[in-house]
Amino acid sequence: MAYTNFTVETDADGIALVTWDMPGKSMNVFTAEVLEELNALIDATVADKAIKGVVITSGKSSFSGGADLSMIKSLFSVYQDEKARNPATAAQKLFDLVGRMTGLFRKLETCGKPWVSAINGTCMGGALEMSLACHGRVASNAKSVKLALPEVKVGIFPGAGGTQRISRLADAQSALQMMTTGQSLTAARAKAMNLLHQVVEPDQLISAAKQMIKDGLKPVAPWDEKGFKVPGGGIWTPAAAQLWPAAPAILRRETSGNYPAALAILKCVYEGLQVPFDTGLKIEQRYFTQVLQTTEAYSMIRSLFISMQELGKGARRPAGQPKTELKKVGVVGAGFMGASIAYVTAAAGIAVTLIDRDIEAAGKGKAVAEGLVKESVGKGRITRDEGAALLACITPSADYADLSDADLVIEAVFEDRDVKKAVIEAVEAVLPAGAVFATNTSTLPITGLAKNSKRPTDFIGIHFFSPVEKMLLTEVILGKETGDRALAVALDYVAAIKKTPIVVNDTRGFFVNRCVLRYMSEAYDMLIEGVPPAMIENAAKMAGMPVGPLALNDEVAIDLSLKILKAAVADLGDKAVDVRHMQLVTRLVEDEGRFGRKNSKGFYDYPPKPGKKSLWPGLKDLYPQKKAEEIDVNVLKQRFLATIALEAARTMEEGIVTDPREADVGSILGFGFAPYTGGALSYIDAMGVKAFVELCETLAKAYGRQFKPTALLKDMAAKGETFYGRFDPYGVKTAA
Ligand code: NAD
């Protein structure tokens, strides 16, 4: 049989080398066709008497990324369609569907001939689950080899046997840790966990895999052998009695009970280890079916898997603009942000000219990049040579003439209109025609800055977040006159540096900072009401925020908050800010000298390392404190999520953000908005706009007008609309 996605070569020893290499794709993924072909391959190799065993590997630099988008999407659409037609059988249909991969891998495992997975690169999700069903697993020791079951990060869990096989190979604690965090393992770590049989040099990979078969590898999984014992003895041992009672509590501490998939992993392993393997698979299949029906799974997959990929692949890129391969990027301002922007640009293999007021200052910026390279080399993320190549891409300079062949220049100089004006003029004096100028301003409207430009159509905002090398998001901001070409170049650049872009229209604070300010502002209100500071921080974390609002304010700097409040008063008048907030922040900064983490004194105290930060005790003396039992923590949680979601809704209403995918992805990647919700607008859609409006009205009565629902929300509530229905990103009017 001829396969589209696999080639088969059988050698003189009767070992079939199956190479997975999907045409037209940069990475192998599981599609319906791949599963069909794999099924046929198992049948064919079993039927062929000349074949003694099979080695499966990949023809690409990675092994496989796991399931394809279309497969995941189809699980949801089949279930939704069936639910609409016949609710009684929808869950059964979903159950049968999710069992297909499980059944196929079990068929491979019990086919009677030995299979060895030869893992040559990244092996994720379903691909690792398939490898676990093989009788032998060999991985190359190349740095690019990473093994993971990352499903939990998008609201689901390994549902093709992963929970059962991992927990029968590795000790329970490591298995749980791996699956509930979705962490990537190096080949060495995977071997130490007993998930791999061998780790070899890349050029030995296939021969080592074949050798396992020649050495008589038994085509029987350990759990199918008589007398199989779970590592560590299973659930009813003294060691397990230490682990299992604590495990749900630890999970709850880490996730506040917000992630059904993470809890399902615990259940699958705990219940599965007490029964025969095939029953364990059934248990997993049941929980998987259940988790797929949760709002969390639906929303997380939509935002963190589907939308993120779509935005990354240029969903908002204007049509008809040729792709720009950036050869040289200029970065002006080699300070805190500029140095890191130069680093991430060079990491993408793009030459960078890094300019500051003098060569010493520019050199300091490069030194920051050197520090980052040193750290990456130290942690084994890149080799010494790769680090050297990266640094060779960065040329410090104080001469604007060096920008005469740049494709794109990004300015990250002081946040001062006059300084920026001078830089825009100096850059444009040398910038070639067609090159694009981008500003990294965080507060100054792009349209206003573009007034200093002779070519405002080539002028755009590219707003990075700190720390630039870690944050996955960039906001691309359109000024009134920004042209399609500038947008295309900006998006090509963001794609090259492997970040996810959201495209927003010009406004004070753009999208992310507008929402973040609401989060911190609600915390100010709570402090003023007398809510104990620790309760504020804990409630935010229980709501799913990764960092409490007071800790976040310390990172951003409290003196910056004061600056922003003062600027708002100067530009928009006294009413633009809450006078109590101004008093609070002024007191902290001007009376107490508490600027945030940068001077080790903010809402928290920061003792020298290894001391741990703790809330500043003086905070409690600023306002009369309520008793914890007088406060409903659920209301605190709602206030945090609702105030941010309302701001996101306002940005849609104002046309600042036009695509709900961007508000959702931007809110999670930009400031960690409770990821289990799928983002700020999915949070509203999931509860229903009507219910959200009612919640906001209740909160407005009790806590202030910041919660007043907007005209758009009321209109949507009356019409029974959702954000994904009304602002359908795919252009087809359907209810989400
Ligand atoms: P910074 O003070 O650390 O760095 C600014 C750099 O610009 C300094 O090295 C300075 O010497 C240089 N500079 C000033 N005038 C110059 C000129 N005329 N020519 C060349 N270089 C000049 O500031 P930063 O925190 O890196 O912020 C830079 C920009 O990025 C600001 O617009 C800020 O709003 C924005 N931003 C900052 C953050 C953040 O977290 N700090 C986040 C997003 C955006």
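Modelled this way, with points 7 Å down the Cα-to-C-beta line, the labels at Thr4 and Lys214 are 3.6 nm from one another.
Just need the relative contact order of the chain here, percent rounded to a whole number, with Cα pairs under 8 Å and 6+ apart. For the chain, the relative contact order is 8 percent. Mean residue ellipticity, 222 nm, helices only, the chain: the sum of -39500 (n - 2.57) across DSSP H runs of n ≥ 4, divided by residue count and rounded to 500, is -15000 deg cm²/dmol. Taking amide H as placed 1.01 Å from N in the peptide plane, Ser64 has its amide H under 5 Å from the amide H of Cys123, Met124, each at least 5 places away in sequence or on another chain. Here the accessible area is traced with a 1.4 Å probe on the protein chains. For region 513-726, carbon and sulfur cover 55 percent of it. Remark: region 328-508 carries a charge dipole of roughly 420 debye about the Cα centre, counting +1 on each Lys and Arg Cβ and -1 on each Asp and Glu Cβ. With a Förster radius of 45 Å applied to the C-beta separation of Asn194 and Lys613, the computed FRET efficiency comes to 0.75. Centre-to-centre, using Cα atoms only, region 432-463 and region 47-66 are separated by 52 Å.
Taking all Cα pairs closer than 8 Å and separated by 6 or more residues, the relative contact order of region 544-650 comes to 21 percent. Here the peptides 229-236, 209-216, 293-300 are ranked by packing, the mean other Cβ count within 10 Å, and the order with the highest first is 293-300, 209-216, 229-236. Between region 329-373 and region 465-508, the C-alpha centres lie 19 angstrom from each other.
The residues of region 231-314 expose, per residue, 47 Å² of accessible area to a 1.4 Å probe. Counting only complete DSSP H runs, which helices of the chain cover 27 Å or more along their long axis at the Cα atoms and score a mean Kyte-Doolittle of -0.5 or above? Span-like helices, by this rule, are 87-109, 359-378, 633-653. For the set Lys146/Lys214; Lys327/Lys499; Lys25/Lys328; Lys637/Lys690; Lys454/Lys480; Lys113/Lys143, the pairs lying more than 21 angstrom apart at their alpha carbons are Lys146/Lys214; Lys25/Lys328; Lys113/Lys143.
Distance from the alpha carbon centroid of region 99-173 to that of region 635-664 works out to 39 angstrom.
With an a/c value of 1.5 or above and a/b larger than b/c for the gyration tensor axes a ≥ b ≥ c computed over the alpha-carbon atoms, the chain is described as prolate. Taking the inverse of the mean reciprocal distance over all distinct Cα pairs, the Kirkwood hydrodynamic radius of region 513-726 comes to 17.9 Å. Ordering of 500-510, 189-199, 274-284 by packing is 500-510, 189-199, 274-284, highest average first (other Cβ atoms within 10 Å, averaged per residue).
Beta carbons within 10 angstrom, averaged per residue: use that to sort the peptides 434-441, 422-429, highest first.
On the way: 434-441: 23.5, 422-429: 17.4.
In descending order of packing, they fall as 434-441, 422-429.
Add +1 for every Lys or Arg and -1 for every Asp or Glu among the other residues with Cβ under 15 Å from the Cβ of Ala239, and state the total. Could the numbers behind the result be given before it?
Numbers: positive: Lys229; negative: Asp171.
Overall, the nearby charge balance is 0.
The phi-based Karplus calculation (6.51 cos²θ - 1.76 cosθ + 1.60; θ = phi - 60°) puts the 3J(HN,Hα) values of region 587-593 at 4, 5, 7, 7, 8, 9, x Hz, whole numbers, x for Gly and Pro.
The values are calculated or read from the model by the stated rules, or taken from the named source; none is laboratory data. Predicted model only: the values in this text are computed from it and were never measured. Backbone-built Cβ (ideal geometry, glycine too); neighbour counts: all protein chains shown. Surface accessibility is based on the protein's heavy atoms, side chains included, excluding ligands, DNA and RNA. Shrake-Rupley method; radii C 1.70, N 1.55, O 1.52, S 1.80 Å.
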